[in-house]
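Chemist: Mind looking over this structure? Questions follow.
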Amino acid sequence: MSGMKLEIACWNYDRTRALADGTVAIEGVDATFNSARIVTEIFERMIRKREFDVSELGMTYFLRTIDRDDPPFVAIPVFPNRCFRHSAIYINKASGIERPEDLAGKTIGELAVYGHDAGVMPKGILSDDYGVRPEQCRWIVGAIDFPLQPVDFIPQPHPADVDVTWAAEDADLGKMLEAGEIDALISADVPKCVLEKSPKVGRLFEDYAGAERAYFQRTGVFPIMHTVVVRKELAAARPDIVKAVYKGFCDAKQVMTEQYVKGMTFNNMATMLPWFSKLIDEDRSLLGEDWWPYGMEANRNAVDTILRYHYEQGLTKRRLTCEDIFAKQLLDT
């Protein structure tokens, strides 16, 4: 007997590839997998059109749906995209910014959305660790390196005391950073001027890897950018299917984890990255044997941090908890 038909959408990650190519099956499910050119296209198709039964969503995109009278989605504790974000803060070297505290009073660009997924964490860290709060800065939201369609399928709130403006449609925040038209930039994407090593720009944390490792050692937080959501009605009607979907994502991640770890025997020669095996060893030593964990127990602290930042930055109306956003049948994972 064929399984329940589900449309599932996720970007093409190594940790999800075994699901998409059929190496891993979801018990009781006949799945069709979808992707897109850029991951935000998946978000829009899910939020605007409800095009999928199960979909990756950026945490901030998902959390902004919670304030609706009838929230359409619940999350499962799968996190296909996570990234330390000290590396996401760029500066113009002539702007007088030598330390994080110098950002106060400056004009800062932000990619796409005020409070995009790679912006929430840096703002929270700047506030917690350095006393620099969003209301102390001026914010310009816009595109980087290529034209960006307005993100008009989610609410874009910000506190009244935070100065936020939107750049012109043809503006390029990367070029503005290099020209000194903005002092700093927070962005998930690395601007072209940084990739091309313009002498006019740099990172706030030049040794960002060292800063991020120290941050993890101190807090235990490996920041979460995206989660996976299911339609609310599916979660209510078929908790067994939701559990099976969760297990499928876990199994797919495990396939890739084992490939990398077993590949250390042969110096991971299938990957053209020198010292890749050494990096795996270092990450396991710091982050643990399961260095990219799914499930609630391993991620509650990281999720609570994002939820706190979201509320403190005025992006959600109330201080949410894990119990508010995740499928109840998976809270014990």
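Chemist: Check whether at least one residue in the stretch 141-154 is of a type outside the set (Gly, Ala, Ser), surrounded by 12 or more Cβ atoms within 10 Å (Cβ to Cβ), at pLDDT 95 or above and out of contact with any helix residue (DSSP H, G or I) (no Cβ under 6 Å at 6 or more places or on another chain), and report yes or no.
Modeler: Yes, there is a match, as at least one residue in the stretch 141-154 is of a type outside the set (Gly, Ala, Ser), surrounded by 12 or more Cβ atoms within 10 Å (Cβ to Cβ), at pLDDT 95 or above and out of contact with any helix residue (DSSP H, G or I) (no Cβ under 6 Å at 6 or more places or on another chain).
Chemist: Is the stretch 267-275 home to any residue that is farther than 16 Å from VAL74 by Cα, in a helix (DSSP H, G or I) and either free of Cβ contacts under 8 Å to residues at least 60 places away in the same chain or assigned by TED's automatic domain parsing to the domain that holds ASP53 (or both)?
Modeler: Checking the stretch 267-275: not a single residue is farther than 16 Å from VAL74 by Cα, in a helix (DSSP H, G or I) and either free of Cβ contacts under 8 Å to residues at least 60 places away in the same chain or assigned by TED's automatic domain parsing to the domain that holds ASP53 (or both).
Chemist: Now, a different point. Show the residue pairs meeting these rules: Cβ distance below 8 Å; 6+ apart or different chains; first residue within the stretch 143-157 and more than 15 Å from TYR114 (Cβ to Cβ) and assigned by TED's automatic domain parsing to the domain that holds GLY174; second residue assigned to a loop (DSSP other than H, G, I, E, B) and modelled with pLDDT of 95 or more.
Modeler: Here the result reads ASP145/ASP172; ASP145/ASP189; ASP145/PRO191, each pair linking the stretch 143-157 to a residue that is assigned to a loop (DSSP other than H, G, I, E, B) and modelled with pLDDT of 95 or more.
Chemist: Here is a follow-up. Which one is farthest from ASP304 (Cα to Cα), of the residues in the stretch 8-65 that are among the basic types (Lys, Arg) and within 18 Å of the chain's Cα centre (by Cα)?
Modeler: Out of the qualifying residues, it is ARG37.
Chemist: Still on this structure, I have one more. Taking helices (runs of 4 or more DSSP H) that do not extend beyond the stretch 8-117, which have at least 3 residues that are in the same structural domain as GLY248 (by TED's automatic domain parsing), surrounded by fewer than 21 Cβ atoms within 10 Å (Cβ to Cβ) and not polar (S, T, N, Q)?
Modeler: Those helices (runs of 4 or more DSSP H) span 17-20, 39-49.
Chemist: Quick one: which residue in VAL261, VAL229, VAL245, VAL255 is in the same structural domain as MET46 (by TED's automatic domain parsing) and closer than 21 Å to THR321 by Cβ?
Modeler: Being in the same structural domain as MET46 (by TED's automatic domain parsing) and closer than 21 Å to THR321 by Cβ holds for just one of VAL261, VAL229, VAL245, VAL255, which is VAL229.
Chemist: Could you tell me whether ARG45 is at pLDDT 95 or above and closer than 15 Å to THR227 by Cα?
Modeler: Here the answer is no, as ARG45 does not meet what is asked.
Chemist: Output the number of the condition that LEU177 fails; it satisfies all remaining conditions of (1) more than 30 Å from ARG15 (Cα to Cα); (2) surrounded by fewer than 18 Cβ atoms within 10 Å (Cβ to Cβ).
Modeler: Just one mismatch for LEU177, condition (2).
Chemist: For the stretch 284-293: of the residues being of a type outside the set (D, E, K, R) and part of a loop (DSSP other than H, G, I, E, B), which is nearest to PHE73 (Cα to Cα)?
Modeler: PRO293
Here's the yes/no breakdown for (1) in contact with a strand residue (DSSP E or B) (Cβ under 8 Å, 6 or more places away or on another chain); (2) free of Cβ contacts under 8 Å to residues at least 12 places away in the same chain:
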residue	(1), (2)
PRO191	yes, no
LEU195	no, yes
PHE222	yes, no
PRO239	no, no
VAL245	yes, no
ALA252	no, no
VAL261	no, no
LEU279	no, yes
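Chemist: Do you know which residues across the stretch 294-323 are part of a loop (DSSP other than H, G, I, E, B), under 24 Å from PHE249 (Cα atoms) and free of Cβ contacts under 8 Å to residues at least 40 places away in the same chain?
Modeler: Answer for the stretch 294-323, where residues must be part of a loop (DSSP other than H, G, I, E, B), under 24 Å from PHE249 (Cα atoms) and free of Cβ contacts under 8 Å to residues at least 40 places away in the same chain: GLU297, ALA298, THR321.
Chemist: Would you call VAL164 hydrophobic (A, V, I, L, M, F, W, C) and in contact (Cβ under 8 Å) with a residue 60 or more places away in the chain?
Modeler: No; evaluated as a whole, the condition is false for this residue.
Chemist: Still on this structure, please answer the following. Only one of (1) part of a loop (DSSP other than H, G, I, E, B); (2) more than 30 Å from GLN254 (Cβ to Cβ); (3) not charged (D, E, K, R) fails for VAL141. Which number is that?
Modeler: (1)
Chemist: Scan the stretch 199-215 residue by residue and report those that are touching a Leu at 6+ places or on another chain (Cβ under 9 Å) and either assigned by TED's automatic domain parsing to the domain that holds VAL303 or of a type outside the set (A, V, I, L, M, F, W, C) (or both).
Modeler: Result: LYS200, ARG213.
Chemist: Would a scan of the stretch 24-46 turn up a residue that is β-branched (Val, Ile, Thr) and under 23 Å from ASP324 (Cα atoms)?
Modeler: no
Chemist: Please note which helices (runs of 4 or more DSSP H) are completely contained in the stretch 165-248 and include at least 1 residues that are under 30 Å from GLU282 (Cα atoms).
Modeler: Counting at least 1 such residues, we get 192-195, 208-219.
The values are calculated or read from the model by the stated rules, or taken from the named source; none is laboratory data. Since this is a predicted model, take the numbers as computed values, not measurements. So basically every Cβ, Gly included, is an ideal-geometry build from the backbone, and we count neighbours across all protein chains shown.
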